């Protein structure tokens, strides 16, 4: 699996992603500067978290115009895998690779926490290594969040389309998978924490799987996401 990690001025999670793919999973990983229009022979492009270009105007609004992001859009349009985490999710919506927008948290405060996430689909490259609990309930994992503008918003028609086409991948929930406003940290519509395109090849999520991928940090709940992609690519080879 060849991985490309986009690096913007203001990125601060790019090295965390690279640590997972390069050091934990031993996969070739290239750091791609935002001005570089050549992604190289990549299978997976990751748009990491941080504050691209200082998050001026809107989060991700400037990053969408970078040569590397334009190349990422072309990669996605060819069916290539793209993962956007936190600021990366914001950038993917600004670039039109995913619908909707990320706006200010409902309490207008920055939130840093570890929260349960209910996985809505286990048939995607990203989630296939997670297993359904023996009782048939939804699989729940715990991942860190750190954002001030993580409230997912879309109009009613877009939300209906997301639900109708099973594009919601992660929702904020209770540890047992129960949904409700009390478990929704930022006011996201439909408790959405992550969505994919209709093909399932582009995933955007506000929680940080790379921050829960090493046992030294106390959790490996996020490692499965990267292992799933590795498994999917190996099968396709």
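Read-outs: derived from the displayed coordinates by stated rules, not from any lab. The model shown is predicted, which means the values in this text are computed figures rather than measured ones. FYI the Cβ positions are ideal-geometry reconstructions off the backbone, even for glycines, and counts take in every protein chain you see.
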Burial-style ranking of 114-121, 153-160, average other-beta-carbon count within 10 Å with highest first, yields 114-121, 153-160
Need one word for the range 3-236: rounded, prolate or oblate. Basis is the Cα gyration tensor (sqrt eigenvalues a ≥ b ≥ c); a/c below 1.5 gives rounded, then a/b vs b/c decides. rounded
Restricting to the chain, compute how many DSSP beta bridges are antiparallel as a %, nearest 5. 55
What is the packing order of peptides 193-204, 164-175, taking the mean over residues of other C-beta atoms within 10 Å and listing the highest first? 193-204, 164-175
Yeah, the range 158-212 with a ≥ b ≥ c from its alpha-carbon gyration tensor (a/c under 1.5 is rounded, else prolate when a/b outruns b/c, oblate otherwise) is oblate
Counting alpha carbon pairs within less than 8 Å and at least 6 residues apart, what relative contact order, in whole percent, applies to the range 3-236? 19
Roughly how far apart, in whole Å, are the Cα centres of the range 1-66 and the range 79-130? 15
For the chain, set up a GNM with springs between Cα atoms under 10 Å and report which of 75, 208, 109 has the largest fluctuation. 109
